[in-house]
Ligand SMILES: *Cc1c(COP(=O)(O)O)cnc(C)c1O
């Protein structure tokens, strides 16, 4: 390791606290200090190159050096880096709102900007709650969400989350919700099978709303893929069923497309795959192509209009951050959305997903691969100690993390979620890089998991 890198790592270990990271483990590991990007490859300060197999945590669409996005950022920085969006507006934010509404499912007509996905969800929750009050219905103080849900890290979005490793600790701080089962077919919470269940997990919503629907402000869901709980892929029709049940009970549906949006599933939106329009929709992650933070809460004119009234009507949406509608972020978002349409990212993603599907056969028959799940370019490989019983590896072994650590030596960066290895290649990744990514991880998975499962060598 060169001297500069050594110093940077020492300072990182001394001064920094990383997200979703056990720092006690982090400071014992070899930190990668990345400083350059070329396509889907990242280069570290000590000159090593790594293929970014998770689109930098699901944000990147184009690789890390797409000229048009960098140029848009430079041009906007020369003109105006920031001015408040409270009481002022700016061209790139207006343009981004227009492009988002054009791209969104039919019936979506408004965009409210924040900087991250958690806030976009938080805003959707506050809008849904206030919407009913503005219509004169003040009984609706409950949200319905799914087990295994992840909607971000602020306390509102944690309240509608359902993934215990991240959320259980904060239980006493969270607002009340009702939970319905996760569409986790590999470990069906209802012990049914996709062939005969007729989406019983979604129909559980009907029972909840029949009992307490008059108290429910909205149902919140990740559409078709529960990302952070391990890329849990729901069967076709699951989201549509939730929409139908919400409609029957007059309850709003909030769809969190933060991870699934912008082509990741092979369509612009997962909602599009299911032919539905949400009442509220959170978008983020790839909104700027993965270059700069920005998110938005999108909604319909019907919801928007409930907030109209005289200045003293109490209907103003009192929410907004210092950097809302930031012109730098919006300039990149607008350029990204222009490219997204011009280059047909969903078609790119579908073509790439075929390459991915083909490469994934390298996992077939591995003794410790429980399930390979995929929707478009969102893929999870769940490791198990025993394929027959689906018994997990002991959590302390960190089986999937060991695989992810092992492929660092091959020049690959991926990150696990529990014992699921996540692959989320950018649509722009080359076929060759994608095959290298998958076959290398498959080989490492076989090697590492067999070692973990092997009985200790006799003396
Ligand atoms: C990542 C994610 C979020 C949170 O977005 P942040 O930008 O990390 O706050 C919310 N919902 C889903 C579905 C996500 O995948």
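The values are calculated or read from the model by the stated rules, or taken from the named source; none is laboratory data. Everything quoted here is computed from the prediction, not taken from an experiment. Glycine gets a Cβ as well: all are built from the backbone with ideal geometry, and neighbour counts include every protein chain shown.
Things to note:
- Within region 120-159, considering residues that are out of contact with any strand residue (DSSP E or B) (no Cβ under 8 Å at 6 or more places or on another chain) and part of a loop (DSSP other than H, G, I, E, B), the one farthest from residue 259 (Cα to Cα): 136
- Which listed residue, of 248, 240, is part of a helix (DSSP H, G or I), surrounded by fewer than 22 Cβ atoms within 10 Å (Cβ to Cβ), more than 11 Å from the ligand (Cβ to nearest atom) and under 20 Å from the mean Cα position of the chain (by Cα): 240
- Scanning region 309-368 for residues that are more than 30 Å from residue 122 (Cβ to Cβ), part of a loop (DSSP other than H, G, I, E, B) and touching a strand residue (DSSP E or B) at 6+ places or on another chain (Cβ under 6 Å) yields one hit, 368.
- A count restricted to region 160-193 and to residues that are within 16 Å of the ligand (Cβ to nearest atom), touching a residue at least 24 places away in the same chain (Cβ under 8 Å) and assigned to a helix (DSSP H, G or I) stands at 2.
- Cross-chain or 6+ apart pairs with Cβ under 6 Å, region 135-154 first and in the same structural domain as residue 208 (by TED's automatic domain parsing), then part of a loop (DSSP other than H, G, I, E, B) and away from the ligand (no atom under 15 Å from the Cβ): 135/306; 147/181
- Selection count, region 254-286, where residues are in contact (Cβ under 8 Å) with a residue 40 or more places away in the chain and either more than 10 Å from the ligand (Cβ to nearest atom) or closer than 17 Å to residue 347 by Cα (or both): 22
- In the set (1) within 19 Å of residue 218 (Cβ to Cβ); (2) within 16 Å of the ligand (Cβ to nearest atom); (3) more than 12 Å from the chain's Cα centre (by Cα), residue 294 fails one condition alone, (1).
- Every residue from region 85-119 that is away from the ligand (no atom under 16 Å from the Cβ) and in a loop (DSSP other than H, G, I, E, B): 85, 86, 87, 88, 89, 90, 104, 105, 106, 107
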